[in-house]
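Input: a single structure, listed below in structure tokens.
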Amino acid sequence: MKGKKLLVFGLALPFLLAAAGAASLDEVKERMKERLPLIVQLKEARAAGENRQGLLEVVEVARSELEPELVHELVTAENDDRQAVYRALGEQYQIDPREVGRVRARQIYEEASPGVLLKSPEGRWLEKPAAKGENE
């Protein structure tokens, strides 16, 4: 039963993010939107990657053209906002916020562009491969 509930929750998560919409969550969403180009840049440079808890991690700050302090500030701000969303959704749907993060991590893994660093269950950083047929 719990698995079915999480599957339905996972499929609905993008819609729930929009519906979770208190003013503070609208502000969080706006901050995340403003920060997105820099987050994409960090991921494309492989300076940051996505972990299995739905959070961003610094992998190797030297890979980025940004100042190291800014890289850490961006990752911290992004994770603070993601966790605020996970807490709000967890509260609203009576699900542990950590489980919300894990569900979101699976979505991030599926939607990630080829080359983005994703943390394996063993804790290693792996590049997301190109989909079959993309390199043919």
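The values are calculated or read from the model by the stated rules, or taken from the named source; none is laboratory data. Quantities reported herein were computed from a predicted structural model and do not represent experimental measurements. Using ideal geometry, Cβ is built from the backbone for each residue, glycine included, and neighbour counts are taken over all protein chains shown.
Among the listed residues 46, 106, identify the single one that is within 24 Å of residue 130 (Cβ to Cβ), part of a helix (DSSP H, G or I) and in contact (Cβ under 8 Å) with a residue 40 or more places away in the chain.
That would be 106, the only listed residue that is within 24 Å of residue 130 (Cβ to Cβ), part of a helix (DSSP H, G or I) and in contact (Cβ under 8 Å) with a residue 40 or more places away in the chain.
Only one of 115, 90, 123, 133 is within 19 Å of residue 32 (Cβ to Cβ) and of a type in the set (Gly, Ala, Ser); which? Full working, then the answer.
Details: 115 fails: within 19 Å of residue 32 (Cβ to Cβ); 123 fails: within 19 Å of residue 32 (Cβ to Cβ); 133 fails: within 19 Å of residue 32 (Cβ to Cβ).
Only one candidate passes the filter, namely 90.
Collect the residues in segment 101-123 that are under 17 Å from the mean Cα position of the chain (by Cα), at negative phi and exposed (fewer than 14 other Cβ atoms within 10 Å of the Cβ), keeping them in residue-number order.
110, 111, 113, 114, 120, 121
Only residues that are over 25 Å from residue 85 (Cβ atoms) and touching a residue at least 24 places away in the same chain (Cβ under 8 Å): list them for segment 109-128, please.
115, 127
Here's the yes/no breakdown for (1) outside any helix (DSSP H, G or I); (2) in contact with a Cys (Cβ under 9 Å, 6 or more places away or on another chain); (3) buried (at least 16 other Cβ atoms within 10 Å of the Cβ); (4) at pLDDT 95 or above:
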| residue | (1), (2), (3), (4) |
| --- | --- |
| 5 | no, no, no, no |
| 9 | no, no, yes, no |
| 33 | no, no, no, yes |
| 52 | yes, no, yes, yes |
| 76 | no, no, no, yes |
| 82 | no, no, yes, yes |
| 85 | no, no, yes, yes |
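For segment 85-123, enumerate the residues that are small (Gly, Ala, Ser) and farther than 18 Å from residue 57 by Cβ.
Across segment 85-123, the qualifying residues are 88, 90.
So residue 122 ticks every box in (1) under 23 Å from residue 26 (Cβ atoms); (2) part of a loop (DSSP other than H, G, I, E, B) but one. Which box is left unticked?
(1)
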